[in-house]
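Okay, structure first, notes after.
None of the figures in this text is laboratory data; all of them are computed from the coordinates on show. Bear in mind the structure is a predicted one, so any value in this text is a computation, not a measurement. So basically every Cβ, Gly included, is an ideal-geometry build from the backbone, and we count neighbours across all protein chains shown.
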Amino acid sequence: MFKGSVFGMISDHKTRLTIVTAAVMVATWEVGWLIVQAVWVVHLLYMLCCEHSEYKRYNAVGYFFHTILPQASTFSAVKLMARVHPSLILNEYHDWVASFSERGWCGHRRNIIGWIMLTTSFTIFHLLCASAAISAFSVKMLAVSFTVVKPNISWCYRVFCIFATLLQIMGAVNVDALLQDRVLLFVFGGHRATYEDDTLAYKNAYMARLVKEI
């Protein structure tokens with residue numbers, strides 16, 4: 001069944017089944033991510049064209065250029081590793097709690113039940129992200145390794161595969177966006193370096209105004 005593919009080079013049946021399962025999970029996530037992003041882009045275009053609120057229109061434009069385009073430039077499930085990076089996980093948690101409290105999807109952080117729901121959803125989502133990121137990294141490294149040692153493959157193609165994988169890994173953390181978020185957190189977060197409801201509103205209004213000026 002796997003003859004002629006990289007999976008056919010794995011002799012042990014259980015190991016091959018594990019790797020194939022991980023590859024299927026990674027492929028499913030990446031295709032699903034593309035579909036979700038396409039739907040989200042359509043939603044942003046609708047907001048840009050039909051929304052009466054000036055704030056929402058420019059906020060949609062800012063989200064497209066600040067978030068969606070950088071993610072698409074180095075598209076890979078490996079990028080999910082940024083969600084569970086040890087030096088970023090605390091800020092990720094604060095952003096998760098603040099943003100979902102603002103939207104009211106999982107309760108509010110000032111309510112104990114809402115805080116538990118937000119923390120639980122954060123934990124489950126980021127465990128899934130970690131599983132997908134580790135699976136993607138393992139499958140891609142395995143595929144590239146087998147491609148490099150496989151006979152009758154040109155050196156140009158081998159080098160291309162290596163550089164493509166390096167590009168995906170290096171793009172896991174968007175350093176520019178991270179530094180910008182740190183500056184905004186310093187400006188609007190105050191001495192506690194956390195967003196409250198009012199400071200988050202100020203930050204979002206500032207970003208929308210900045211997009212309008214640009």
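General observations
- Total lysine pairs under 14 Å (Cα atoms) in the chain, excluding pairs fewer than 8 apart on one chain: 4
- Each of V97, M170, V20 was placed along the dipole of the chain (beta-carbon charges, centred on the mean Cα), and the one lying farthest toward the positive end is V20.
- Rounded, prolate or oblate (a/c below 1.5 giving rounded, otherwise prolate when a/b exceeds b/c) for the stretch 12-127 by Cα gyration tensor: oblate
- A simple charge model with +1 on the Cβ of Lys and Arg, -1 on the Cβ of Asp and Glu and nothing else charged puts the dipole of the chain at about 600 debye relative to its Cα centre.
- Residue order for C161, C156, fewest other beta carbons within 10 angstrom first, comes to C156, C161.
- Using the alpha-carbon positions of the chain, Rg (one decimal) and Dmax (whole number) come out as 20.7, 63 Å.
- Dmax and Rg, reported as Rg then Dmax, of the stretch 84-189 (C-alpha, Å): 19.5, 63
- Residues H43, H85, H126 in ascending order of nearby Cβ atoms (within 10 Å, fewest first): H43, H85, H126.
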